[in-house]
Amino acid sequence: MLKRPIPRTLNVCLLFLGCLSTAMPTAYGDSGYALEVSGATVTIEDPQDVLRLSSYTYEFWLKDLQGPTGSWRNMFCKGSGDVSAGRGPLLAMRPDEQGLHYDHSTGSGQSTLDIMEGIRPNEWIHVSLVLTALDGEQRIYTNGVQAGTRTSAGLTNTTQEAVLQMGMGANVVLDDFRVWDHARTEAEVQEHMAQELEGDEEGLVGYWRFNEGVGTIAHDSSPSEIHGTIVNPVWRMDGAPVALAAPPAFAYGQFPAHGAVDVPVDVVLVWKPGQFAHTQDVYFGTAYNDVNDASRADLRGVLVSQGQSGTTYDPAGPLDLGRTYYWRVDTFEADGVTLHKGAVWSFTVEPVAYAIADVVATSNGISDGLSTAQRTVDGSGLNAADQHSVEAADMWLAAPNADEPLWIQFEFDRLYKLHELLVWNYNSQFEMVLGFGLKDVTIEYSADGAEWSVLADAEFAQAAARADYVANTVVDLEGIAARFVRLNVNSGWGITGQYGLSEVRFSYIPAQAREPQPIDGAANVDPDTALSWRTGREAASHEVYFGIDAAELPLVGTVAQATFAPPALDFGTTYYWRIDEAGEEVWAGELWSFSTLDFVLIDGFETYTDDIDAGEAIFDTWLDGWVNNTGSTVGYLDTPFAERSIVYSGSQSMPLQYDNTASPFYSEAERTFTSPQDWTGNGADTLRLFVAGRAPAFAEMAGGTILMNAIGNDIWDSADQFRYVYKNLSGNGSVTARVDTLDISPDIWVKAGVMIRQNAEAGAVNTFMAMTGTGGGGSTFQQRMTAGGASVSQHTYADGPFTAPYWVRVTREGSTLRGYTSPDGENWTQRGDTITLAMTDPVLIGLALTSHNVNQATSAQFSNVAFTGNVTGAWQVAEVGVAQPAGNAVAPLYVALEDATGRSAVVTHPDANIVGRSGWNEWRIPLSQFTGVNLSRVSTMMIGVGNKTNPTAGGTGVVYIDDIGFGHPAAAE
């Protein structure tokens, strides 16, 4: 195990100051290597348990090396691979080699999703597995396109072990494995499929890359190398050696994805070069054989670029609507001779028109409760080939009211430029006799449902009265702008007086802007982002409306391209925007919105490693008492140097140990930036950091506030584990306290409250009125009626609010004991039953706390502690059932800034007890409090414990710092 070097001399430290790096977030992307698993099972350790998710997206690149085998081949699995154990997601290749098998299991629920999507050996494919916790929807994407979906109940909770297995006997290559903590959309899948990552990404909880030199790894190797939410894993090898495969020699990572549809007519082709690529030839055309067989010697009219160095190609456009194109990229090595022929990829350009979804149909006719107008737009009766059934329940049938002619009306979600109407007429098996189908209709349309115009009179062809009936009437809607279309019935194919339709489908030409970037509703958007969108097809220019008031958006510009850079955006602000597409007509766009991130990181502590020689350890950037002669120690003496369990976000935080028992009586960590930092842009007005302290074992502060910490399995069953602070009571009496704060981070069943107890033995009789974590019910009144016996609780109360701050009380009158709670210390409610419990005087009366976790402490703050009766003695502290932690000595926490001219200012945390509070606490400091400091040229930041301006002797302890940033907090909604 590596250890921190012995203290360096001051001279050495001063020399070292000149070569400190800023340790800003590292850019991540294609490392040039991949993980090849051949006949082995490779396991990713997950000590942070980032994979225990009930809603997730798994994304990775996959290449099959083996080809058809006729048997199942698992590629990765969360957990042990045993369905009954609740393994979570599993991906396998189907035995027929025609697709993929995606399985999700929780032990109590299981769902499988198979797709018939060809997996070709030795060809890279991008795979995404998505699970939505809310409704159990599974989705699988291949090369960025949704290939299958299924919804199953009971998939919202996972209990699997904290490992991820890869390989499991399959011969595959994996790369760029990402795990997100939410279900991602198709657009997001495609976006991240084509780009490299830079630093932390919102919602990205695991990212595994494969780097040179990682191929020889022993079983049960050392803990993970952590980079915030970006994680390079521990690899365990079981079986054959793990090999790292270099990138292929041929081109890969193509965009559009192979098989993509709805590709814009002005698409630019992008790919990643092969490992040895020096120049590249691009082939592009509409015939697969031409693109596949062409060469420099046989051009076939499809060699469109020869010997280029770049990895993009912009086809002469626009491309033909609805047409499928094929393309290939060949790479040549530096010798100009060695050729690596590329695979043929394909994509299909956007269609001439799109079907309108979610249409609402109504009619003034009289129908039964089943054959309503909505049947004409809900897809009922249609199969995958668009053939309609002959079942009457799948169609609309109505008789006109006596007062007015019959009509059926269709409403869309917005205004559309309509293209065509496709009609399936009424199609019962007796249609040729009954003639229920519509014949002559008058088509009207409206933008608002009030003002109507006539488009045309049309005749609908009669249906075939067969189960293989396909639409046989197409009406040209001539590009009208409409939100409503009405069919006025003039006649039918029969004389029964009843009229019907099976199905209609409206299509539209995309005249409005769509597919905004940032996506609508996006959060944590970089304030320096530019807006982009997919254009309306006939737009000549684009009118951009942008602002913070959705009701009053100003026109901020008219642009020729589908991108716009707004003026500097502020942190923590919601913006609204709309694009009106201007051509022969102006098509108003939808209202979109996004919110900028509140704060940008100054330091998230994720980039530090245990590499002392490279100067990457946390104490190489945040200098401490080993250099600045204060009482601080940053990091740990042994690896890992950074904290990896007590973390606010990501995977690391900075432990700052303080010792204020000797001069200078304060402890400080300082970071000097390589170049002065500007913290004033984009409306920044706040410095933010997160701090977690440790409550003292027991400390009574000025004003009577009491801080204490505790560990312990529980105060329950036949023996307790907790910290008890108490006095002696003889006869009748009571104890009252307000639980001001209760850290519930270790467990929802933490307990903090007031107790009367016979003695400090673990199995002593007692009665206890406690606050609990919110998941535990809020409060509980419990007892142990016999020494060493089981504990009981009449009720756990969930009718709250029972969240701190809240008042609790226990009273004793002879052998009668009662428990009470109060929201304000004035109005009390008895909780549970009145208890008869004989105890011998003197009894112990006081405050009790347990974390419900023997390995992690909780903390609580009590105030307004009051006794009645014959209560004597000073506070005594008992460690009941288990040794308790020492905790921190309370001292002020401060942040100091110094600018490039040497001007500095110190701001002290307003809570004097903050280092005595377990759990993470956000500290927002108005930048205006750093009086005199030029915040556009910050050179040094200091975080310390103690009183820097008026030092006095104090004690020792440790605080944890995470996610330092600057920005502006978003306004509360």
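Pick from the range 403-426 the residues that are among the acidic types (Asp, Glu) and in contact (Cβ under 8 Å) with a residue 12 or more places away in the chain: which of them is surrounded by the fewest Cβ atoms within 10 Å (Cβ to Cβ)?
Within the range 403-426, the match that is surrounded by the fewest Cβ atoms within 10 Å (Cβ to Cβ) is Glu404.
When you look at Ala889, is it touching a residue at least 60 places away in the same chain (Cβ under 8 Å), farther than 24 Å from Ser822 by Cβ and either β-branched (Val, Ile, Thr) or buried (at least 19 other Cβ atoms within 10 Å of the Cβ) (or both), yes or no?
In short, yes.
For the range 869-887, give me the residue count where each residue is in a loop (DSSP other than H, G, I, E, B) and modelled with pLDDT of 95 or more.
Within the range 869-887, the first condition is being in a loop (DSSP other than H, G, I, E, B), and the residues that meet it are 881-887.
In the following step, the residues that additionally are modelled with pLDDT of 95 or more were identified as 881-884.
Of the residues in the range 869-887, 4 are in a loop (DSSP other than H, G, I, E, B) and modelled with pLDDT of 95 or more.
Mind checking whether some residue in the range 888-906 is outside any strand (DSSP E or B), of a type in the set (S, T, N, Q) and out of contact with any Gly (no Cβ under 9 Å at 6 or more places or on another chain)?
Yes, there is a match, as at least one residue in the range 888-906 is outside any strand (DSSP E or B), of a type in the set (S, T, N, Q) and out of contact with any Gly (no Cβ under 9 Å at 6 or more places or on another chain).
When you go through (1) surrounded by fewer than 18 Cβ atoms within 10 Å (Cβ to Cβ); (2) within 28 Å of the chain's Cα centre (by Cα); (3) farther than 22 Å from Glu188 by Cβ one by one for Thr563, which number turns out not to apply?
(3)
Against the definition (assigned by TED's automatic domain parsing to the domain that holds Gly704 and within 42 Å of the chain's Cα centre (by Cα)), how does Asp833 come out, yes or no?
Spelling it out, it is not the case that Asp833 is assigned by TED's automatic domain parsing to the domain that holds Gly704 and within 42 Å of the chain's Cα centre (by Cα).
Spot the failing condition for Ser822; the list is (1) of a type in the set (S, T, N, Q); (2) touching a Ser or Thr at 6+ places or on another chain (Cβ under 9 Å); (3) touching a residue at least 24 places away in the same chain (Cβ under 8 Å); (4) within 30 Å of Gly693 (Cβ to Cβ), and only one is missed.
Single failed check for Ser822: (3).
Regarding the range 690-703, can at least one residue be identified that is touching an Asp or Glu at 6+ places or on another chain (Cβ under 7 Å), buried (at least 23 other Cβ atoms within 10 Å of the Cβ) and modelled with pLDDT of 95 or more?
no
Is it the case that some residue within the range 921-929 is modelled with pLDDT of 95 or more, assigned to a strand (DSSP E or B), under 28 Å from Trp622 (Cα atoms) and touching a helix residue (DSSP H, G or I) at 6+ places or on another chain (Cβ under 7 Å)? It would help to see each step written out before you state the result.
Residues of the range 921-929 modelled with pLDDT of 95 or more: 922-929.
Okay, now just the ones that are also assigned to a strand (DSSP E or B), so 922-926.
Checking the rest, the ones that are also under 28 Å from Trp622 (Cα atoms) come to 922-926.
Okay, now just the ones that are also touching a helix residue (DSSP H, G or I) at 6+ places or on another chain (Cβ under 7 Å), so none.
No, the range 921-929 contains no residue that is modelled with pLDDT of 95 or more, assigned to a strand (DSSP E or B), under 28 Å from Trp622 (Cα atoms) and touching a helix residue (DSSP H, G or I) at 6+ places or on another chain (Cβ under 7 Å).
So which residues in the range 834-878 are within 17 Å of Tyr724 (Cα to Cα), surrounded by fewer than 23 Cβ atoms within 10 Å (Cβ to Cβ) and touching a helix residue (DSSP H, G or I) at 6+ places or on another chain (Cβ under 8 Å), if there are any at all?
Correct list: Ser863, Val865.
Are any of the residues in the range 923-945 touching a residue at least 12 places away in the same chain (Cβ under 8 Å), under 19 Å from Ile646 (Cβ atoms) and surrounded by fewer than 18 Cβ atoms within 10 Å (Cβ to Cβ)?
no
Only one residue in Val291, Val337 is part of a helix (DSSP H, G or I), more than 39 Å from the chain's Cα centre (by Cα), of a type outside the set (Phe, Trp, Tyr) and not assigned by TED's automatic domain parsing to the domain that holds Gln146, so which one is that?
Val291
Mind listing whichever residues of the range 395-409 are of a type outside the set (D, E, K, R) and in a loop (DSSP other than H, G, I, E, B)? Spell out how you get there, then give the answer.
First, the residues of the range 395-409 that are of a type outside the set (D, E, K, R): 395-402, 405-409.
Residues satisfying the conditions are Met395, Pro400, Asn401, Ala402, Pro405, Leu406.
If you check Val390 against the conditions, is it assigned to a loop (DSSP other than H, G, I, E, B), touching a helix residue (DSSP H, G or I) at 6+ places or on another chain (Cβ under 9 Å) and not hydroxyl-bearing (Ser, Thr, Tyr)?
For Val390, the condition - assigned to a loop (DSSP other than H, G, I, E, B), touching a helix residue (DSSP H, G or I) at 6+ places or on another chain (Cβ under 9 Å) and not hydroxyl-bearing (Ser, Thr, Tyr) - is met.
Would it be correct to say that Gly631 is in contact (Cβ under 8 Å) with a residue 24 or more places away in the chain and touching a Lys or Arg at 6+ places or on another chain (Cβ under 8 Å)?
no
Scanning for something surrounded by 14 or more Cβ atoms within 10 Å (Cβ to Cβ), without any contact (Cβ under 8 Å) to a residue 40 or more places away in the chain and in a loop (DSSP other than H, G, I, E, B), does the range 432-445 turn up at least one residue?
Within the range 432-445 (the criterion being surrounded by 14 or more Cβ atoms within 10 Å (Cβ to Cβ), without any contact (Cβ under 8 Å) to a residue 40 or more places away in the chain and in a loop (DSSP other than H, G, I, E, B)), the answer is no, since none of the residues qualifies.
For the subset of the range 372-402 comprising residues that are small (Gly, Ala, Ser) and surrounded by fewer than 17 Cβ atoms within 10 Å (Cβ to Cβ), which member is farthest from Ala463 (Cα to Cα)?
My answer is Ala402.
Just give me the residues in the range 340-370 being in a loop (DSSP other than H, G, I, E, B), more than 17 Å from Tyr283 (Cα to Cα) and either free of Cβ contacts under 8 Å to residues at least 60 places away in the same chain or β-branched (Val, Ile, Thr) (or both), in sequence order.
Once the filter is applied, which keeps residues that are in a loop (DSSP other than H, G, I, E, B), more than 17 Å from Tyr283 (Cα to Cα) and either free of Cβ contacts under 8 Å to residues at least 60 places away in the same chain or β-branched (Val, Ile, Thr) (or both), the range 340-370 yields Val352, Ile356, Ala357, Asp358, Val359, Asn364, Ser367, Asp368, Gly369, Leu370.
Could you tell me whether Ala905 is touching a residue at least 24 places away in the same chain (Cβ under 8 Å) and of a type in the set (Gly, Ala, Ser)?
Criteria met by Ala905.
Counting only residues that are among the polar types (S, T, N, Q) and within 17 Å of Ala465 (Cβ to Cβ), which one in the range 379-394 is nearest to the chain's Cα centre (by Cα)?
Within the range 379-394, the match that is nearest to the chain's Cα centre (by Cα) is Asn383.
Yes/no matrix, rows are residues, columns are (1) touching a His at 6+ places or on another chain (Cβ under 9 Å); (2) more than 30 Å from Val263 (Cα to Cα); (3) not assigned by TED's automatic domain parsing to the domain that holds Ala482:
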| residue | (1), (2), (3) |
| --- | --- |
| Trp533 | yes, no, yes |
| Thr558 | yes, no, yes |
| Phe564 | yes, no, yes |
| Pro567 | no, yes, yes |
| Trp587 | no, no, yes |
| Asp611 | no, yes, yes |
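Residue by residue, here is whether (1) in a strand (DSSP E or B); (2) assigned by TED's automatic domain parsing to the domain that holds Phe619; (3) acidic (Asp, Glu) holds:
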site	(1), (2), (3)
Asn864	yes, no, no
Thr931	no, yes, no
Asn934	no, yes, no
Val959	yes, yes, no
Asp962	yes, yes, yes
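Given the structure, is Pro910 touching a strand residue (DSSP E or B) at 6+ places or on another chain (Cβ under 6 Å), outside any strand (DSSP E or B) and not assigned by TED's automatic domain parsing to the domain that holds Trp749?
Criteria not met by Pro910.
Got at least one residue in the range 315-330 being outside any strand (DSSP E or B) and either polar (S, T, N, Q) or within 34 Å of the chain's Cα centre (by Cα) (or both)?
no
The values are calculated or read from the model by the stated rules, or taken from the named source; none is laboratory data. Everything numeric here is computed off the predicted structure, so don't read it as measured data. All Cβ positions, even for glycine, are placed from backbone atoms using ideal geometry, and neighbour counts span all protein chains on display.
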